[in-house]
Amino acid sequence: MAALSLSFSPTFLLRSSSTISSSVRSLCGLPLSKLSFLSADRSLAGLGLGKAETSRRFQLRRTKAFSTAGMAAAAAEKKVEVFDTEEDLAVSLAKYTADLSDKFGKERGSFTVVVSGGSLIKSLRKLLEPPYIDSIEWSKWHVFWVDERVVPKDHDDSNYKLAFDLFLSQVPILPGNVYSINDALSAEGAADDYETCLKHLVNSGVIAKSEASGFPKFDLQLLGMGPDGHVASLFPGHPLCKESKKWVTHILDSPKPPPERITFTFPVINSSANIALVVCGGGKADVVQRALGNSGKNEEPLPCQLVSPEGELKWFLDKAAASKL
């Protein structure tokens, strides 16, 4: 039997035998007014579910939000899932993505998916296996990149190449539904061109439009997080974190090479219907602790803390990434 799914907002869900320590006092750097513990072994005993069939959840309630660039960065429903292994995480991520694909495919006739680079693409590998490889309506998928390095598409630094080699080349997504950057342009030109493409797709109804913000409303953004807390190519302390008008912008001085990139801005990221933030490995445990655990009141929010979609934000963590919570 699958683990029982309970609805809390925001929520910690541990798919692990371990527990979160008493150091958990805040979510995304925000103070908590209440921390309540629900033991599935005790509270769900009446349902006949054994320990192996249940999960432990923590209910966390925010009391204060911060803002940056005019955005309320703590408005979204936030859920955090912790898995024993990255393999378990990949299994759950595949089901999560496939369920949303089915939902939006039926509701809208298309499924708009944004991916990042890095280890995120590897974590999508379970979509290439049964039952998903045969059951997903791949023809309804439209794939975009939250950021891209301004390099040729066959360059090892290209996020497109990474996604193509490990994922896109193995699924029957229509070539015309894969929207990569024009790598013949400068960084500024590529950003402007990509924004023009997005505006055309919003006007034609392929991408939904947020009634609240007027920005494109993607069905799902699948994001990773760097060890410094950056998402997309929005880095800690960089002025682009406060960009509030452009849909896509460029960066010439990325602190992580290569220096020239294009990136979605936070208004576009945060207009999404759903965002999955996928973080694995002990090397990111300190940043996860700062983002989801104790954080200094006067510290500037990390970019990952500014992710706040119109719909649901779900963190997927393996046990190593969550080890300091």
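So which residues in the range 132-159 are in a strand (DSSP E or B) and open to solvent by 70 Å² or more (accessible area, probe 1.4 Å), if there are any at all?
none
Collect the residues in the range 104-118 that are without any contact (Cβ under 8 Å) to a residue 60 or more places away in the chain and either acidic (Asp, Glu) or open to solvent by 60 Å² or more (accessible area, probe 1.4 Å) (or both), keeping them in residue-number order.
Lys106, Glu107
Regarding Phe264, is this residue modelled with pLDDT of 95 or more, closer than 13 Å to Ser116 by Cα and of a type in the set (Phe, Trp, Tyr)?
Criteria met by Phe264.
Could you list, in sequence order, the residues of the range 78-133 that are within 27 Å of Arg261 (Cβ to Cβ) and of a type in the set (Asp, Glu)?
Glu86
Taking the range 119-130, which residues are closer than 9 Å to Ala163 by Cα and open to solvent by 10 Å² or more (accessible area, probe 1.4 Å)?
Lys122
Can you report the number of residues in the range 160-187 which are open to solvent by less than 20 Å² (accessible area, probe 1.4 Å) and either small (Gly, Ala, Ser) or without any contact (Cβ under 8 Å) to a residue 24 or more places away in the chain (or both)?
2
Report yes if some residue within the range 268-288 is open to solvent by 50 Å² or more (accessible area, probe 1.4 Å) and under 21 Å from Ser180 (Cα atoms); otherwise report no.
no
This table checks each residue for (1) without any contact (Cβ under 8 Å) to a residue 24 or more places away in the chain; (2) in a loop (DSSP other than H, G, I, E, B); (3) touching a helix residue (DSSP H, G or I) at 6+ places or on another chain (Cβ under 9 Å).
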residue	(1), (2), (3)
Cys241	no, no, yes
Asp253	yes, yes, no
Lys256	no, yes, no
Thr263	no, no, yes
Pro267	no, no, no
Ile275	no, no, yes
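Among the numbered conditions (1) more than 19 Å from Leu120 (Cα to Cα); (2) surrounded by fewer than 17 Cβ atoms within 10 Å (Cβ to Cβ), tell me where Glu243 comes up short.
Status for Glu243: all satisfied but (2).
Can you confirm whether the range 183-201 contains a residue that is within 18 Å of Leu128 (Cβ to Cβ) and in contact with a strand residue (DSSP E or B) (Cβ under 7 Å, 6 or more places away or on another chain)?
no
Given the structure, is Lys284 within 25 Å of Leu240 (Cβ to Cβ) and modelled with pLDDT under 95?
Taking the combined requirement at face value, the residue does not satisfy it.
I'd like to know if the range 205-228 contains one or more residues that are touching a Phe, Trp or Tyr at 6+ places or on another chain (Cβ under 9 Å), surrounded by fewer than 18 Cβ atoms within 10 Å (Cβ to Cβ) and either in contact (Cβ under 8 Å) with a residue 12 or more places away in the chain or assigned to a helix (DSSP H, G or I) (or both).
Checked against the condition, which is being touching a Phe, Trp or Tyr at 6+ places or on another chain (Cβ under 9 Å), surrounded by fewer than 18 Cβ atoms within 10 Å (Cβ to Cβ) and either in contact (Cβ under 8 Å) with a residue 12 or more places away in the chain or assigned to a helix (DSSP H, G or I) (or both), the range 205-228 yields at least one hit.
With more than 14 Å from the chain's Cα centre (by Cα), open to solvent by 10 Å² or more (accessible area, probe 1.4 Å), basic (Lys, Arg) and at pLDDT below 95 as the only criterion, which of Lys319, Lys297 stands out?
Lys297
The values are calculated or read from the model by the stated rules, or taken from the named source; none is laboratory data. Keep in mind the model is a prediction, meaning the values are calculated, not measured. Reconstructed Cβ throughout: ideal geometry from the backbone, glycine too, with neighbour counts over all protein chains shown. Protein only, heavy atoms only, side chains kept; ligands, DNA and RNA dropped before computing areas. Shrake-Rupley method; radii C 1.70, N 1.55, O 1.52, S 1.80 Å.
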